[in-house]
Amino acid sequence: MRSVVLPEFGPPDRLRVAETPEPRPGAGQVTVRVAAAGVQFLETQIRSGAMRGALGGAPLPVILGKEVAGQVTAVGPDGDAELIGTRVLASTAGTGGYAEVAAVPADSLVPVPVDLELHDAVALYRYGATAQGLVRAARVSAGDRVLVQAAAGAVGTVLVQLLKHAGATVVGAARGEHKLSLVRSLGADHAVDYSLPGWIDQVGDAVGGSVEVVFDHVGGKLGRESFELLTPGSGRQIVFGFSGGTPLDIKPMELLGRGLTLTGFSAGLIWSRPAHARDLVTEVLGLAAAGSLTPVVGQRFPLERAADAHAAVEARGTVGKTLLIP
């Protein structure tokens, strides 16, 4: 089968398509004929060598890829043969997804509704669960004014829609008119370019001065500016990344003085509870199948262009989810 192989750490062009043996499912596994594999930002950092520890000691060469959508082709010893032929989302044990066939743990499978395309389903998979988890962690209620950073990204595009579904007033912050147009099309009440001077004043003007919730995936200066917008006594900032390169720096007394809440959020805590993760994903897929949520697949690349996919994700020029298509 064809796979994308990483023989050594380095820039995107280290990724190569090669013929590799097709995996066989072991005990507790199934194999999936991959219709689409999601590309995660973390995988670009693993490839570069910056996050090589995330491989858990797996030696090079390696096939990257965590999240896949496709059809079950075989089950391991004592597996449920009725799974064969079913359309599913699945997570690999950490590697092997950038390929025509992937071996995955059977307990990671999430059925895909018949009314939902597999490409759309994988766009909502892990980041959809993250977005739903974030909404719950922030205790968002109808009428809350909410600022979403990186609103055109894979998490942000789902988050904006879930927040509108919850009845919130949503300001989506992104960079460039193309991304802002997408954010508006997803239902955001306001869209602001956070690369321009005075963007934080635009947010304040749009919502009447302050917001109850900030979803902070950028950190650094932008995260700090967003923090200043929080409503005293009820504001809460949910930090789930620092894609800007610098973590948010807030002192405890700043929280006490204004009666604010700062919450750290890790998607890993969702996936450490498989049943909980499956419930979140199923909820999001159900909303999409019912037409209440629009999956955003911004870019599709064939396996031969995996390097281009990684370069695009690293450059932050992508919108929604980026997929590799075997």
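Full extension of the chain between ARG316 and ARG16 gives 105.8 nm of extra length, using 0.36 nm per residue less the Cα-Cα distance.
Modelled spin labels at ASP308 and VAL114, positioned 7 Å past Cα toward Cβ, are 3.7 nm from each other.
Counted over the chain, the DSSP beta bridges are approximately 50% antiparallel. Working note: 222 nm ellipticity from helices only, DSSP H runs with n ≥ 4, each -39,500 (n - 2.57), summed and divided by the residues of the chain, gives -9000 deg cm²/dmol to the nearest 500. Here LYS164 is the anchor, and the aspartates and glutamates within straight C-alpha reach of less than 17 Å, apart from those fewer than 8 places off in the same chain, are ASP144, ASP189, GLU212, GLU283.
Can you give the net charge of the other residues whose Cβ lies under 11 Å from the Cβ of ALA174, counting K and R as +1 and D and E as -1?
+2
A simple spin-label model places the labels of LEU42 and ASP193 3.3 nm from each other, with each point 7 Å out along Cα-to-Cβ.
One Cα centroid belongs to segment 116-152, the other to segment 293-326; the line between them spans 19 Å. The accessible surface of segment 1-138, taken with every protein chain in place and a 1.4 Å probe, is 53 percent carbon and sulfur. Excluding ligands, DNA and RNA, the accessible surface per residue across segment 1-106 is 44 Å² with a 1.4 Å probe. With K and R counted +1 and D and E -1, the other residues having a Cβ less than 14 Å from that of PRO59 yield a net charge of 0. Average accessible surface for segment 175-295: 48 Å² per residue, computed with a 1.4 Å probe over protein heavy atoms with every protein chain in place.
With a simple spin-label model that places each label point 7 Å from the Cα along the Cα-to-Cβ direction, the separation between ASP78 and ALA58 comes to 2.5 nm. With q set to 0.10, 0.13 Å⁻¹, the log10 of I(q)/I(0) for segment 34-172, from the Debye formula over equal scatterers at the Cα positions, is -0.42, -0.68. Label zone (THR86, point 7 Å along Cα-to-C-beta; backbone nitrogen cut-off 12 Å) within segment 112-155: 112-113.
For the pair SER272 and MET51, a Förster radius of 25 Å applied to the C-beta separation gives a FRET efficiency near 0.85, rounded to the nearest 0.05. The calculated FRET efficiency for the pair THR246 and ARG24, based on their C-beta separation and a Förster distance of 41 Å, comes to about 0.35.
Quick check for you: which residues of segment 286-323 have the amide N under 13 Å from the point 7 Å beyond the Cα of HIS178 toward its beta carbon? In segment 286-323, the label zone of HIS178 (backbone N under 13 Å from the point 7 Å along Cα→Cβ) covers 298-300, 312-313, 315-320.
The values are calculated or read from the model by the stated rules, or taken from the named source; none is laboratory data. None of these values were measured; they are calculated from a predicted model. Positions of Cβ are backbone-derived with ideal geometry, glycine not excepted, and every protein chain shown enters the neighbour counts. Surface areas here come from the heavy atoms of the whole protein model, side chains and all, with no ligands, DNA or RNA. Shrake-Rupley method; radii C 1.70, N 1.55, O 1.52, S 1.80 Å.
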